[in-house]
1. From the set of residues in the stretch 124-156 that are open to solvent by less than 10 Å² (accessible area, probe 1.4 Å) and in contact with a Cys (Cβ under 9 Å, 6 or more places away or on another chain), which is nearest to residue 65 (Cα to Cα)?
2. Residue check: is residue 152 of a type outside the set (Lys, Arg) and closer than 25 Å to residue 86 by Cβ?
3. Does the stretch 181-191 contain any residue that is assigned to a loop (DSSP other than H, G, I, E, B), out of contact with any Lys or Arg (no Cβ under 7 Å at 6 or more places or on another chain), open to solvent by 30 Å² or more (accessible area, probe 1.4 Å) and at pLDDT 85 or above?
4. Quick check on this structure: which one of 115, 173 is at pLDDT below 90, more than 16 Å from the chain's Cα centre (by Cα), open to solvent by 30 Å² or more (accessible area, probe 1.4 Å) and more than 14 Å from residue 34 (Cβ to Cβ)?
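The values are calculated or read from the model by the stated rules, or taken from the named source; none is laboratory data. None of these values were measured; they are calculated from a predicted model. Note: ideal-geometry Cβ built from the backbone for every residue, glycine included; neighbour counts use all protein chains shown. Only protein heavy atoms, including side chains, enter the accessible area calculation; ligands, DNA and RNA are left aside. Shrake-Rupley method; radii C 1.70, N 1.55, O 1.52, S 1.80 Å.
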Amino acid sequence: MGQPVEVGDTDAAAAEFHAFFEAHYAELARLAHLLTGEADAADDLAADALLALWHRWDRVRDADHPVAYARGVVANLARSRIRSAVRERRRIALFWAPRGGGDAVDDPDVSAVVDVQGALRRLPFRKRACVVLRHAFDLSERDTSLVLGISVGTVKSQTSRAVAELQRLLGPDTPAAHVRVAVAAQRSGGSQ
């Protein structure tokens, strides 16, 4: 299996992890919030991610990019949470669906103004993750690809498509540069 862990090694690992936790917890919680759109879930997801990192700390601290690894864990947990919520909504919709074979018509989206977080929530997960990591967290295309486990080309195309979709959601007169600024403002919790 492995070498027995000495008490001194455990203390050193705990100290390293504590420093990592202190340095990155807030950032991971912000990432979770922007990916899920749920402020209440953000702290839980960040804590769950850090717990998973602690269980694999020997591998994480030896990784080339431990912060990228942590962001990837948060992204995967957020994706799982979103998928679970979608499945739950589908089950509820099926349960409450009218019986008798009538044609159901979805209500149109009548909201005239969509805020940035609302628009982000409407993006598919990969597009949302790319635009958030690139513009709200100022990660390079390469770092974003490491976090999400996708190619740099996919990051480029998904980010471009996400910005275009956000432009459409935020209004036809919204330039792409303003969309990027609005997403970047989410980094500090600001709103547009």
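1. 144
2. no
3. Within the stretch 181-191, the first condition is being assigned to a loop (DSSP other than H, G, I, E, B), and the residues that meet it are 189-191.
Filter again for out of contact with any Lys or Arg (no Cβ under 7 Å at 6 or more places or on another chain), leaving 189-191.
With open to solvent by 30 Å² or more (accessible area, probe 1.4 Å) added as a condition, the list becomes 189, 191.
The next check asks that each one be at pLDDT 85 or above; those that pass are none.
Within the stretch 181-191, none of the residues are assigned to a loop (DSSP other than H, G, I, E, B), out of contact with any Lys or Arg (no Cβ under 7 Å at 6 or more places or on another chain), open to solvent by 30 Å² or more (accessible area, probe 1.4 Å) and at pLDDT 85 or above.
4. Unique residue meeting the criteria: 173.
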